[in-house]
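The values are calculated or read from the model by the stated rules, or taken from the named source; none is laboratory data. Remember, predicted model here, so these are calculated numbers, not experimental data. Because the Cβ atoms are built from the backbone with ideal geometry, glycine has one as well, and the counts that use them run over all protein chains shown.
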Amino acid sequence: MDLDNVETFGQLDAGSMLAHINALPEQVNSAWMHSQKLDLPAYENIRQIVVCGMGGSAVGGELLSALVEDSSPVPIAVNRGYDLPACVDGPETLVIALSHSGNTEETLSAAGQAIGRKAHLLAITTGGKLAELAGKSNSAVWLFDYKSPPRAAIGWLYGLVLAAFSRLGFVDHLDKDIEQSVELLRHSRTLLGADQPSGKNTAKEIALALADRVPVIWGSGFLAPVAYRWKTQINENAKTAAYHEVLPELDHNSVVGITYPDEPADHITIVQLISKRYDHPRVAIRQQVTAEIFEQYGLDVRGIEAQGESRLAQQFELIQLGDYVSFYLAMLNGVDPTPIPSINELKERLAQAG
């Protein structure tokens with residue numbers, strides 16, 4: 001596959017995944033503007049926030065939690081599953097249910113429990129059963145309209161949960177960070193888009209380096225969920241095995257697990273997501289030393305430095321880069337990025353089981 005043959009992309013990309021990736025800056029801007037028009041109750045005495053979601057919806061909660069963990073006056077937990085933790089009990093908890101379709105069964109179960117336990121519920125969705133459930137209980141519902149697979153609506157899902165957190169008064173000055181993020185994403189799009197040739201396109205170069213390899217992406221702090229986003233996008237779009245790690249934790253286990261089976265260097269490429277501006281000074285040292293140890297075992301290690309002034313801008317910039325990489329990997333694999341047949345089969349069989 002020639003990554004500079006844009007006409008071939010159109011033949012493979014029947015679901016228009018590239019168009020959704022290109023639209024990320026507009027998604028973020030539209031979500032932020034839309035959020036200012038939505039009703040939000042004046043919740044009082046909130047002591048904790050639990051964000052419920054799965055897959056491409058849940059990552060918005062992970063990104064928020066990592067972004068504000070050093071400044072938020074309330075803890076934020078991300079719940080991926082059917083049951084809420086026991087600490088969710090009463091109106092001092094705000095449960096934010098994120099589901100693009102509104103029909104995610106795990107999120108519906110958790111939202112129902114939130115209502116039953118008299119916690120506050122904010123549903124962020126395009127509709128479905130979640131909107132109906134929240135409406136019947138007089139809970140807040142933030143509806144938006146963006147037709148795509150959930151993973152392709154990251155600008156809306158993350159943008160809206162950011163806006164909700166901001167409007168609740170838990171974080172200040174996000175307007176400027178959003179503006180800078182949108183501007184940076186629009187500029188980066190000109191450098192990473194399909195029309196930019198491989199020799200000048202970082203996303204295409206990374207995709208070519210990851211072809212026929214198993215990527216292991218790692219990040220630290222506010223970039224840890226971005227590494228996870230890379231992993232899931234490569235899984236779903238490129239249909240490729242990929243994994244993620246978190247620093248400094250990986251230095252206490254994974255750094256040892258590179259001896260067996262024989263010659264892991266033949267199969268694995270490490271991708272480091274680095275913030276020279278915001279990474280903890282000790283993490284910066286660990287990034288370098290850990291990379292050197294992996295390289296001693298013959299592994300290919302590629303460091304990618306986040307661009308942008310704010311931490312939010314750096315998150316979005318690396319999300320965008322990873323999304324383009326996953327798309328170009330799909331093209332190299334000769335697959336349509338949009339269909340997820342194994343997930344659909346699993347859902348069908350679950351439905352048959354009752």
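Looking across region 284-310, the residues that are in a helix (DSSP H, G or I) and either surrounded by fewer than 20 Cβ atoms within 10 Å (Cβ to Cβ) or among the acidic types (Asp, Glu) (or both) come down to ALA284, ILE285, ARG286, GLN288, VAL289, ALA291, GLU292, ILE293, GLU295, GLN296. Checking each residue in region 44-53 for being of a type outside the set (Val, Ile, Thr), surrounded by fewer than 22 Cβ atoms within 10 Å (Cβ to Cβ) and either at pLDDT 95 or above or assigned to a strand (DSSP E or B) (or both) picks out ARG47, GLN48. Exactly one residue out of ASP89, ASP83, ASP70 is free of Cβ contacts under 8 Å to residues at least 12 places away in the same chain and among the acidic types (Asp, Glu): that is ASP70.
Only one of the numbered conditions (1) closer than 30 Å to ILE76 by Cα; (2) of a type in the set (A, V, I, L, M); (3) in contact with a Lys or Arg (Cβ under 7 Å, 6 or more places away or on another chain); (4) in a helix (DSSP H, G or I) is violated by VAL271, and that is (4). Against the conditions (1) polar (S, T, N, Q); (2) surrounded by fewer than 13 Cβ atoms within 10 Å (Cβ to Cβ); (3) under 26 Å from MET54 (Cα atoms), GLN314 satisfies every one except (2).
If you go through region 279-306 and pick out every residue that is free of Cβ contacts under 8 Å to residues at least 60 places away in the same chain, touching a helix residue (DSSP H, G or I) at 6+ places or on another chain (Cβ under 7 Å) and farther than 25 Å from GLU69 by Cβ, you end up with 4.
The set of residues in region 30-43 being touching a residue at least 12 places away in the same chain (Cβ under 8 Å), of a type outside the set (Phe, Trp, Tyr) and surrounded by fewer than 20 Cβ atoms within 10 Å (Cβ to Cβ) consists of SER30, HIS34, GLN36, LEU38, ASP39, LEU40, PRO41. Taken over region 110-127, the residue count meeting the criterion of being surrounded by fewer than 22 Cβ atoms within 10 Å (Cβ to Cβ) and either closer than 14 Å to GLY56 by Cβ or over 22 Å from the mean Cα position of the chain (by Cα) (or both) is 8.
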